[in-house]
1. List pairs: first in region 95-114 and in the same structural domain as Asp64 (by the TED database), second basic (Lys, Arg), Cβ under 7 Å, 6+ apart or cross-chain?
2. Go through region 132-189 residue by residue and tally those that are of a type in the set (S, T, N, Q) and over 15 Å from Asn231 (Cα atoms).
3. Go through (1) at pLDDT below 95; (2) touching a helix residue (DSSP H, G or I) at 6+ places or on another chain (Cβ under 7 Å) for Gly186 and report which single condition fails.
4. Quick one: would you say Gly181 is farther than 21 Å from Arg66 by Cβ, free of Cβ contacts under 8 Å to residues at least 60 places away in the same chain and exposed (fewer than 11 other Cβ atoms within 10 Å of the Cβ)?
5. Evaluate the following for Thr191: is it in contact with a helix residue (DSSP H, G or I) (Cβ under 6 Å, 6 or more places away or on another chain) and on the phi < 0 side of the Ramachandran plot?
6. Being free of Cβ contacts under 8 Å to residues at least 60 places away in the same chain and touching a Gly at 6+ places or on another chain (Cβ under 9 Å) is the filter here, so list the residues in region 124-148 that pass it.
7. Quick one: which of Phe233, Phe244 is in the same structural domain as Val206 (by the TED database), modelled with pLDDT of 90 or more and of a type outside the set (A, V, I, L, M)?
Amino acid sequence: MASALSPPRLPKPKSIQPSHYYESFLEKKGPRDRDYKKFWAGLQGLTLYFYNSNRDSQYVEKLDLRVFVKLRDEAPWGSSQDPGTHFCLVLRNQEIKFKVESVESREMWKGFIVTVVELRVPFNLTLLPGHLYMMTEALAKEEARRALEMPSCFLKVSRLEAQLLLERYPECGNLLLRPSGDGSGGVSVTTRQALNGTPVVRHYKVKCEGPKYVIDVEQPFSCASLDAVVNYFVSHTKQALVPFLLDEDYEKVIGYVEADKENGESVWVAPSAICPGPALPKQLPPASITPVSSHNKLPPLPNQDENYVIPIGDDPAANYVNGDVPSPSRPVVQKPRKLAKFQAKPPKTPVMPKPEPKGLNSGLAKKLAVSSAQVFSPTTGLAGVTAELEEKLQRRRALEHAAARTGDQQANLQA
């Protein structure tokens, strides 16, 4: 018989490779790493993604370049020579060291990072005309991307709330974008700096004129996007202004405020820090044991060795009184009967009743005869006798009954 046709195998869908401005192999060493680890890295927008291989579509690590500070060449540890294939990416909260395959690859990475962060093509690097053209294309893509999204330092807060945020979190930046308070649809820029220990807060108005944003200062400056507005303030203050990026730190321990019973002061309690593991069940107190009176005691359990059930397959052969029932279609073969286990006691000789006085009637004599015959009734201890012994006993009882009748007749005749 012909086998059923199996369905055709469909090719596995290939994973879509992400589109990067620039990508190549890159060895990375973070502040907690002991040695360099090689990744396939790709730059997209203001994020640097790291993959295990160049065929993976899911990244394993990423770096946010919105907290970018600067780039610097760094020689290998313990060497004062030309850094060559080493450079360092300085962020606001950490420093990442990189090692590449060649000097050309190092210059390419530095050029693309500066292009997307500062929205300009760096011409001071050792780059070929083709490399500069690639960075110009990446700059146009990044400007178009930023025109469709709000910068990270844009928050929907009021003027007073913006001042409080910059005052409370100075380590997160000192430049913040917010909606304009006049309801014109524009935005405002709030900055906060320290001058000889005295805070200086400034507010700037940015008008929205068609697809462009105009910074309303003595010499108005037009920008294509809000990101360009932020970059204008950063570049024209020699990077003294830093875009505000609030760090979203989360607590690791659940705590609550509790009032102290002694002094009434409120204290912070974090019980999860004391018992991080799973709570153990409480142990119940031992139950009290009361003596049981003798008349309430339960009967003793039977012996466990004797109280068991025999499996069906191991059931011993049972001896039945009726034996095997022969089939009517086959001739009966007589089997020798087994002797009874218990030998019946020899029956006593019948005792002839004494002649009764003449005053006794025949009815009384009959009752005596019946009572004497009951002495020989085999009712106890003969459960295992055979049918043959029962037949003999029936015959003997008949003889005894006949003898009793004969005694009655003789007594009547003598009377």
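The values are calculated or read from the model by the stated rules, or taken from the named source; none is laboratory data. The structure presented is a predicted model; accordingly, all values stated were derived computationally and were not measured. With ideal geometry, Cβ positions are generated from the backbone for all residues, glycine too; neighbour counts draw on all protein chains shown. Each accessible area value is taken on the protein alone, full model and side chains, heavy atoms only, with ligands, DNA and RNA left out. Shrake-Rupley method; radii C 1.70, N 1.55, O 1.52, S 1.80 Å.
1. Listed pairs, sorted by first residue: Ile96/Lys28; Lys97/Lys29; Phe98/Lys28; Val100/Arg106.
2. 5
3. That leaves (2) as the condition not met.
4. no
5. No; evaluated as a whole, the condition is false for this residue.
6. Once the filter is applied, which keeps residues that are free of Cβ contacts under 8 Å to residues at least 60 places away in the same chain and touching a Gly at 6+ places or on another chain (Cβ under 9 Å), region 124-148 yields Leu125, Leu127, His131, Leu132, Met135.
7. Selected residue: Phe233, the only one of Phe233, Phe244 that is in the same structural domain as Val206 (by the TED database), modelled with pLDDT of 90 or more and of a type outside the set (A, V, I, L, M).
The rows are residues; the columns are (1) touching a strand residue (DSSP E or B) at 6+ places or on another chain (Cβ under 8 Å); (2) open to solvent by 60 Å² or more (accessible area, probe 1.4 Å).
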{"residue": "Val116", "(1), (2)": "yes, no"}
{"residue": "Arg120", "(1), (2)": "no, yes"}
{"residue": "Gly130", "(1), (2)": "no, no"}
{"residue": "Tyr133", "(1), (2)": "no, yes"}
{"residue": "Thr136", "(1), (2)": "no, yes"}
